[in-house]
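**Student:** Can you keep this structure in mind? I'll have questions shortly.
Read-outs throughout are calculated quantities, based only on the coordinates presented, and are distinct from any laboratory measurement. None of these values were measured; they are calculated from a predicted model. Note: ideal-geometry Cβ built from the backbone for every residue, glycine included; neighbour counts use all protein chains shown.
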Amino acid sequence: MQLDWTCRFGNVKAILQLKKSLNLGEIPDHFQIVANKLLELEGTFTDGFDNNIKYLLNKKNWNLANCKQGKPPIALKKHCTQYAFDLHCFPIVNDQPQALIKPFDADSPFKEFNPSNLGPLLSIPKLSDFIGVTIRCGDEADLELLKYAHMLVEQVMDLLTASLQVVENSGQSVQEVFLSIEQQLKDMKTA
């Protein structure tokens, strides 16, 4: 199916209202899992809680001696498994992305950031399952939630790209994961 990847809604709550109106007030678990994570992601900059994204953007946490053009060099890697869609950030140390950094590594562009301890910058659980259900029997609200997930992830990527020195950006976007799963399902039908 050819989709316009522009979401008609400005927040998850509006999409939840649409889902409730289409489902007589019921919200399926697979929808709720993704919606809850997107609500959390929406609150990344509005709530008072610290998170990995805020840490990376806080210049007080940068080791300026190891920054390029005044910005920490990083690699961004998107990865989707049956468990979650993850966005990982790896600091570039000695021209290589590092998944494990010694505490207070003098060569790191960050004072304490260690990807192996902190995990992904963002993680959307069960996204591939949700995409599969949406392709097979989803409604308008399911599609809008996927579009919104794509939009939020891309906004985070844009923010990181503008604020940090992104040396590498790899992996599939939410839209590309959707198209890949859609093709796999088509291939299974014709096999």
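**Student:** For the chain, what is the Kirkwood hydrodynamic radius in Å, using each pair of distinct C-alpha atoms?
**Tutor:** 17.9 Å
**Student:** Do the alpha carbons of any pairs in Lys37/Lys71; Lys71/Lys111; Lys37/Lys126; Lys54/Lys126; Lys78/Lys189 sit beyond 19 Å of each other, and which pairs?
**Tutor:** Flagged as over cut-off: Lys37/Lys71; Lys54/Lys126; Lys78/Lys189.
**Student:** Report the extension gain between Gln69 and Asn11 in nm, rounded to one decimal, defined as 0.36 nm multiplied by the number of residues separating them, less their alpha carbon distance.
**Tutor:** Residue separation times 0.36 nm, minus the Cα-Cα distance, leaves 17.4 nm.
**Student:** Sticking with this structure for a sec: Just want the ordering: Ile74, Ile53, from fewest to most Cβ atoms lying within 10 Å of their own Cβ.
**Tutor:** Ascending Cβ contact count within 10 Å gives the list Ile53, Ile74.
**Student:** Once amide H atoms are placed 1.01 Å from N in the peptide plane, what residues at a sequence separation of 5 or more from Lys126, or on another chain, have their amide H within under 5 Å of its amide H?
**Tutor:** Those lying under 5 Å, H to H, from Lys126 are Ala84, Phe85.
**Student:** Could you grab the relative contact order for the range 1-126? Cα pairs under 8 Å, six or more apart, rounded to a whole percent.
**Tutor:** 22 percent
**Student:** Enumerate the calculated ³J(HN,Hα) couplings along the range 91-99 in order (Karplus 6.51 cos²θ - 1.76 cosθ + 1.60, θ = phi - 60°), each rounded to whole Hz, writing x wherever the residue is Gly or Pro.
**Tutor:** 3J(HN,Hα) across the range 91-99, in whole Hz: x, 8, 10, 6, 6, 10, x, 10, 8.
**Student:** So, one more: Quick check on packing: order 146-159, 12-25, 58-71 by the mean number of other C-beta atoms within 10 Å, highest mean leading.
**Tutor:** 146-159, 12-25, 58-71
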